[in-house]
Amino acid sequence: MKKWVAAALCASLASVGGWALAKNTDNIALIVNGKKVETDVAPQIINGRVMVPVRAVSEAMGAEVNWDSKQRSVIVSKPEGPTPIARLPHEQTTLYALKQKDDLYTPLLAEHQGQFKLFDWKSVTNPSYAPTIQSKDLTGDGKDELIFILTTGYGTGALTQDVHVLQPDTWEERKVPDPVETLKQHMTSKVTKDHVEISIDGKTTVIPADKIPAEPSSWFSSLGIGGIVTYETQGDALLARVPAQLSPAHVVGQFHITYQFAKDQFQVKTIEFVQD
């Protein structure tokens, strides 16, 4: 971030930068980048110099303006530009963050071979959970798609991701069904003091209590899902992993959801429970 400090609430146009124009008429118009800007305080000519409200000009140029009462200074901050957060060099593909709000980047700008597309996606700012970009043919059309895997949240016992599969020539996104909603439709669970029972479309797995390290007194009344959702590719297939949480500190296994592309959309191919 660049910062400029001024000692008053008004500044000359030259001190702000960018293209701004004040017309020396009875009513001075303020024009920034070709657009007229309305101001609470009208521009004025003082001692032969045109003075304009610094906030009006700065915000019209995408900068932020803050008043520091201790220093009695106006602080104007303007981002340098998009921040690259993931790259796939051999495909000339880069993902950029445009804005940061709290611990998230959003929206995100994708570049592929000189073409750009803005998406209403989000990704955490922690570089340990930086986005990944892959190039694989997941649709079976003989052309590679771009796969963006973004971490949207993390914490103790939590890690959530989104996946976006794009046709690079058209930027068309191939939607992937939500794995948690898929499990809600196809999976049921039953937790008793003696065992845990998991059924997926009629196929049942029973885990006795003596095979589970966690004490039954700490078990949930039903399996928890959704606190952790991750994606990966295996060969030319897309896989979602969703742990089955029995207590705050213990999972009994993972649900593996495999997707296949058919009839112009991704569909669930298999749902499998893999016991720990």
Residues that are closer than 17 Å to I257 by Cβ: find the strands (runs of 3 or more DSSP E) completely inside the range 136-210 holding 2 or more of those. 145-155, 158-167, 187-191, 195-200, 203-208
Take the range 105-135 and flag every residue that is touching a helix residue (DSSP H, G or I) at 6+ places or on another chain (Cβ under 9 Å) and either more than 22 Å from Y259 (Cβ to Cβ) or hydroxyl-bearing (S, T, Y) (or both). H112, Q113, S123, S135
For the subset of the range 81-98 comprising residues that are in contact (Cβ under 8 Å) with a residue 12 or more places away in the chain, of a type outside the set (A, V, I, L, M, F, W, C) and under 19 Å from P127 (Cα atoms), which member is surrounded by the fewest Cβ atoms within 10 Å (Cβ to Cβ)? P84
Residue by residue through the range 133-160, note down the ones that are closer than 17 Å to Y96 by Cα and surrounded by 17 or more Cβ atoms within 10 Å (Cβ to Cβ). I133, Q134, L146, I147, F148, I149, L150, T151
From the option list V196, V180, V163, V191, single residue qualifying as surrounded by 15 or more Cβ atoms within 10 Å (Cβ to Cβ), touching a residue at least 60 places away in the same chain (Cβ under 8 Å) and within 16 Å of A244 (Cβ to Cβ) is V180
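Any residue at all in the range 154-165 that is touching a Lys or Arg at 6+ places or on another chain (Cβ under 7 Å), modelled with pLDDT of 95 or more and within 17 Å of A86 (Cβ to Cβ)?
So far as the range 154-165 goes, yes, one or more of its residues are touching a Lys or Arg at 6+ places or on another chain (Cβ under 7 Å), modelled with pLDDT of 95 or more and within 17 Å of A86 (Cβ to Cβ).
Out of D210, D178, D201, report the one residue that is acidic (D, E) and closer than 30 Å to E91 by Cβ. Lay out the reasoning, then the answer.
Numbers: D210 fails: closer than 30 Å to E91 by Cβ; D201 fails: closer than 30 Å to E91 by Cβ.
After applying the criteria, what remains is D178.
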Taking the range 100-118 and keeping only residues that are more than 22 Å from G155 (Cα to Cα) and assigned to a strand (DSSP E or B), one is left with L108, L109, A110, E111, H112, Q115, F116, K117, L118
Could you please find all residues in the range 232-276 being closer than 18 Å to K175 by Cβ and basic (K, R)? K263, K269
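More than 26 Å from L98 (Cβ to Cβ), free of Cβ contacts under 8 Å to residues at least 40 places away in the same chain and in a strand (DSSP E or B) - does that describe any residue in the range 57-64?
Scanning the range 57-64, I find no residue that is more than 26 Å from L98 (Cβ to Cβ), free of Cβ contacts under 8 Å to residues at least 40 places away in the same chain and in a strand (DSSP E or B), so the answer is no.
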Single match in D137, D162, D144 (criterion: of a type in the set (D, E), under 22 Å from Q265 (Cα atoms) and under 19 Å from the mean Cα position of the chain (by Cα)): D162
Every residue from the range 195-207 that is touching a strand residue (DSSP E or B) at 6+ places or on another chain (Cβ under 9 Å), farther than 11 Å from W219 by Cβ and not hydrophobic (A, V, I, L, M, F, W, C): E197, S199, D201, K203, T204, T205
Tell me yes or no: at least one residue of the range 92-110 is charged (D, E, K, R) and at pLDDT 95 or above. no
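The values are calculated or read from the model by the stated rules, or taken from the named source; none is laboratory data. This is a predicted model, so every value here is computed, not measured. Using ideal geometry, Cβ is built from the backbone for each residue, glycine included, and neighbour counts are taken over all protein chains shown.
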